[in-house]
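First up is the structure itself, then whatever we jot down about it.
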Amino acid sequence: MKPELYLDRRSPPVRSVLMLIQALGIEVEEKIIDLSKGEHFGESFLKINSCHTVPTFRDSKITLTDSHCILIYLCENYGKGNNLLWPSDPYQRIQVLSKLFYSGTLLFRRDSDAIGQIIINKLKKEQVEEHAVKFREQFDILENFLTENEFIACDTMTIADFSVVTIVSTMDMIVPVVVESWPKLHNWWFNHMKKLPFYEKVNQDGLNALKEWAKQSTDFKINM
Ligand SMILES: N[C@@H](CCC(=O)N[C@@H](CS)C(=O)NCC(=O)O)C(=O)O
């Protein structure tokens, strides 16, 4: 039986898992949970994940309800050979973990606070600008990470890059990642991440759908 992935493609953490699924060539059964229809509060989904969040992953052994855990679990259990994405060297591995925690606890929080409120509370232009200040600070932090290493955690691409790129590309709808302000972040995104063969299909399509949703909810000019 194929493992199951509960998803809404507009979600950045979902897109990061989908990118890894493509990178490792894993076959999953996709179960759509439409957040805009409140399907995550449905009784059957709550039985699987009482946190009512996507992505949620299930195989015969385990149910996982956090994208970062799913990324690691897929590398450890389904990764055929490509262990650079989740390096075996303990020093590199802890660097990847550290950036995954950054992504989940800080970067994604900044992003989802803003996008969630734009969509739910229909934020006005001035209110969106308050979030933009925090986005710029995160881009400065990422520029710093990319000064220390070629990629977010190490000098090679890892699952931390998959986690971060889906969030940065979402934040770009509020604060465009311009080369003049963040040259390293821009280069990492445009010349490495966007060049992955599955980037367009996996990240861009879900992101475009999210942009459409956000555009209808605010008078702030969403960067399309
Ligand atoms: N830490 C979780 C966060 C997942 C998350 O918050 N997903 C959002 C969509 S982007 C969601 O499902 N929200 C619905 C809810 O919180 O009820 C992860 O990275 O998997």
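How many residues does the stretch 1-36 hold that are assigned to a helix (DSSP H, G or I) and away from the ligand (no atom under 12 Å from the Cβ)?
7
How many residues are assigned to a loop (DSSP other than H, G, I, E, B), of a type in the set (A, V, I, L, M, F, W, C) and within 16 Å of the ligand (Cβ to nearest atom) when one looks only at the stretch 44-97?
Here the count works out to 3.
Which residue pairs have Cβ atoms closer than 9 Å, lie 6 or more positions apart in sequence or on different chains, and pair a first residue in the stretch 43-70 that is more than 19 Å from Gly206 (Cα to Cα) with a second residue that is charged (D, E, K, R) and assigned to a helix (DSSP H, G or I)?
The qualifying pairs are Phe45/Glu39.
On the basis of being under 18 Å from Gly116 (Cα atoms) and in a helix (DSSP H, G or I), does Leu146 make the cut?
Criteria not met by Leu146.
With Lys195, Lys124, Lys134 as the choices, which residue is modelled with pLDDT under 95 and either of a type outside the set (Asp, Glu) or closer than 17 Å to Leu107 by Cβ (or both)?
Sole residue among the options that is modelled with pLDDT under 95 and either of a type outside the set (Asp, Glu) or closer than 17 Å to Leu107 by Cβ (or both): Lys124.
Would you mind stating whether Val14 is in the same structural domain as Lys194 (by TED's automatic domain parsing), crowded, with 16+ Cβ neighbours inside 10 Å and β-branched (Val, Ile, Thr)?
no
Of all the residues that make up the stretch 147-169, how many are without any contact (Cβ under 8 Å) to a residue 60 or more places away in the chain and more than 18 Å from the chain's Cα centre (by Cα)?
Total meeting the criteria: 5.
Hey, does the stretch 51-60 have a residue that's hydroxyl-bearing (Ser, Thr, Tyr) and assigned by TED's automatic domain parsing to the domain that holds Lys195?
So far as the stretch 51-60 goes, no, none of its residues is hydroxyl-bearing (Ser, Thr, Tyr) and assigned by TED's automatic domain parsing to the domain that holds Lys195.
Quick check on my filter: what residues within the stretch 151-173 are under 17 Å from Trp86 (Cβ atoms) and outside any helix (DSSP H, G or I)?
The answer is Phe151, Ile152, Ala153, Cys154, Asp155, Thr156, Met157, Thr158.
Looking at the stretch 103-119 only, could you name the residues that are in contact (Cβ under 8 Å) with a residue 24 or more places away in the chain, within 24 Å of His68 (Cβ to Cβ) and more than 9 Å from the ligand (Cβ to nearest atom)?
Of everything in the stretch 103-119, those that are in contact (Cβ under 8 Å) with a residue 24 or more places away in the chain, within 24 Å of His68 (Cβ to Cβ) and more than 9 Å from the ligand (Cβ to nearest atom) turn out to be Leu106, Leu107, Arg110, Ala114, Ile119.
The values are calculated or read from the model by the stated rules, or taken from the named source; none is laboratory data. What you see is a predicted model, and the numbers here were worked out from it, not measured in a lab. So basically every Cβ, Gly included, is an ideal-geometry build from the backbone, and we count neighbours across all protein chains shown.
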